[in-house]
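Down below is the structure, laid out as structure tokens.
The values are calculated or read from the model by the stated rules, or taken from the named source; none is laboratory data. Since the structure is predicted, the reported quantities are computational estimates derived from the model, not experimental observations. Ideal geometry is used to build each Cβ from the backbone, glycine not excepted, and the neighbour counts take in all protein chains shown. Accessible surface areas use protein heavy atoms only, side chains included; no ligands, DNA or RNA. Shrake-Rupley method; radii C 1.70, N 1.55, O 1.52, S 1.80 Å.
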Amino acid sequence: MLLRKQICSRSISILTVEELSEATVADQTVELLVQGLRNGNTVDPRNRFGIDQTEFTLQQNCVMRGIRVYVPPSLRAKVLAELHSTHFGTSRLKSLARGYVWWEGIDKDIENLVRNCCSCQSSRPEPAKVPTHCWETPWKPFERVHVDFAGPFLNTYFIVLVDAYTKWPKVRILNDITTATTIKVCREYFATYGIPAVLVSDQSPQFTSDEFQRFLKMNGVYHKMGAPYHHATNGQAERFIQTLKAKLKSLKCNRTTIVGAQLPN
């Protein structure tokens, strides 16, 4: 009699009863369980994996749990290799194994097997992308402004403010990115273009500081902050930063030429 697996209508030999019987007799993990099943004695739960003993039977010195055969440690690698030969995913492998074999922790062993298989990982589908955050279209210029820092880039820091309605960007070269400098730039921007109803930023310390929050509150500006490490929330500023960097690279700029350049104000 052979233990077989059925894959794509092919019956493949994995283990013989003789192999399983020999390995089971040598497996001290189930020694007391085998004796209890053979003699009709109740075994302590810790010696039967905490499972009701009525689920186990003994056939030709092989331990069965229902219709599944218990596989001793010495044969598990062989069984896993055969099951995984077609590189099915984790769920499919678990389903396949549950029809034939069992041992304590088999699900975890299958998960580790698939996780460490380069072929499986390279062919697995990519996880679903986080839905893009969609902003409502502003009704007028400078109603909502997006702000972000760029750098250090070419040994320089920038602050970028982009109007969501007109897409008009303002770029300033900074000597530092402290909260005080951030407030100064925003105050100049508000004085020139008007105070926005909403300011969108990430959760950088400059924007989350009490000082910056007081500045916005005094000017009646609602502060909207994006989720940490999720740049799409502040996409207006983020996209312009990428454009700015690409253009500066293509022009082969350095710090000297950048500082001397007349960037948009």
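Residues in region 24-45 that are among the hydrophobic types (A, V, I, L, M, F, W, C), part of a helix (DSSP H, G or I) and more than 40 Å from the chain's Cα centre (by Cα): V25, A26, L32, L33, V34, L37. Scanning region 10-27 for residues that are touching a residue at least 12 places away in the same chain (Cβ under 8 Å), under 16 Å from V101 (Cβ atoms) and open to solvent by 60 Å² or more (accessible area, probe 1.4 Å) gives a single hit, E19.
Of the residues in region 97-111, how many are within 15 Å of K78 (Cα to Cα) and either at pLDDT below 80 or not in a loop (DSSP other than H, G, I, E, B) (or both)? Walk me through how you get there before you give the answer.
Taking region 97-111 and keeping what is within 15 Å of K78 (Cα to Cα), we get 97, 100-103, 106, 109-110.
Among the residues that remain, those that are also either at pLDDT below 80 or not in a loop (DSSP other than H, G, I, E, B) (or both) are: 97, 101-102, 106, 109-110.
Adding up the residues that qualify gives 6.
Number of residues in region 16-41 that are out of contact with any strand residue (DSSP E or B) (no Cβ under 7 Å at 6 or more places or on another chain) and of a type outside the set (S, T, N, Q) equals 11.
Open to solvent by less than 70 Å² (accessible area, probe 1.4 Å), modelled with pLDDT under 90 and under 24 Å from the mean Cα position of the chain (by Cα): is that true of T132 in this structure? Taking the combined requirement at face value, the residue does not satisfy it.
Consider region 185-205. How many of its residues are open to solvent by 20 Å² or more (accessible area, probe 1.4 Å) and of a type outside the set (S, T, Y)?
Selection size over region 185-205: 10.
Across region 174-184, which residue is farthest from M218 (Cα to Cα) among those that are surrounded by fewer than 16 Cβ atoms within 10 Å (Cβ to Cβ) and in contact (Cβ under 8 Å) with a residue 12 or more places away in the chain? Filtering region 174-184 for residues that are surrounded by fewer than 16 Cβ atoms within 10 Å (Cβ to Cβ) and in contact (Cβ under 8 Å) with a residue 12 or more places away in the chain, the one farthest from M218 (Cα to Cα) comes out as N175. Residues that are crowded, with 18+ Cβ neighbours inside 10 Å and of a type in the set (D, E) were ranked within region 143-173; the one that is nearest to the chain's Cα centre (by Cα) is D148.
Residues in region 170-204 that are in contact with an Asp or Glu (Cβ under 8 Å, 6 or more places away or on another chain) and not polar (S, T, N, Q): A180, I183, Y193, P196, A197, V198, D202.
Within region 145-163, residues that are modelled with pLDDT of 70 or more reach partners that are among the hydroxyl-bearing types (S, T, Y) and assigned to a strand (DSSP E or B) with beta carbons closer than 8 Å, at six or more positions or on different chains, in the pairs H146/S201; V147/S201; D148/S201; F149/Y157; A150/Y157. Residues that are open to solvent by less than 40 Å² (accessible area, probe 1.4 Å) and closer than 16 Å to P73 by Cα within region 28-37 comprise V30, L33, V34, listed in sequence order.
With the structure loaded, tell me whether D109 is surrounded by fewer than 19 Cβ atoms within 10 Å (Cβ to Cβ) and in contact (Cβ under 8 Å) with a residue 12 or more places away in the chain or whether it fails that test.
For D109, the condition - surrounded by fewer than 19 Cβ atoms within 10 Å (Cβ to Cβ) and in contact (Cβ under 8 Å) with a residue 12 or more places away in the chain - is met.
Within region 38-94, if we keep just the residues that are touching a Phe, Trp or Tyr at 6+ places or on another chain (Cβ under 9 Å) and loosely packed, with under 13 Cβ neighbours inside 10 Å, the residue that is nearest to S21 (Cα to Cα) turns out to be P73. Among the criteria (1) within 17 Å of M225 (Cα to Cα); (2) acidic (D, E); (3) out of contact with any Asp or Glu (no Cβ under 9 Å at 6 or more places or on another chain), the one D148 does not fulfil is (3).
Out of the residues in region 190-248 meeting the condition of being on the phi > 0 side of the Ramachandran plot and out of contact with any Phe, Trp or Tyr (no Cβ under 6 Å at 6 or more places or on another chain), tell me which one is modelled with the lowest pLDDT. Even if it seems obvious, please write down each step before you answer.
Filtering region 190-248 for residues on the phi > 0 side of the Ramachandran plot gives 194, 220, 229.
Cutting the leftovers down to out of contact with any Phe, Trp or Tyr (no Cβ under 6 Å at 6 or more places or on another chain) gives us 220, 229.
On the way: G220: 91, Y229: 44.
Looking at residues that are on the phi > 0 side of the Ramachandran plot and out of contact with any Phe, Trp or Tyr (no Cβ under 6 Å at 6 or more places or on another chain), I get Y229.
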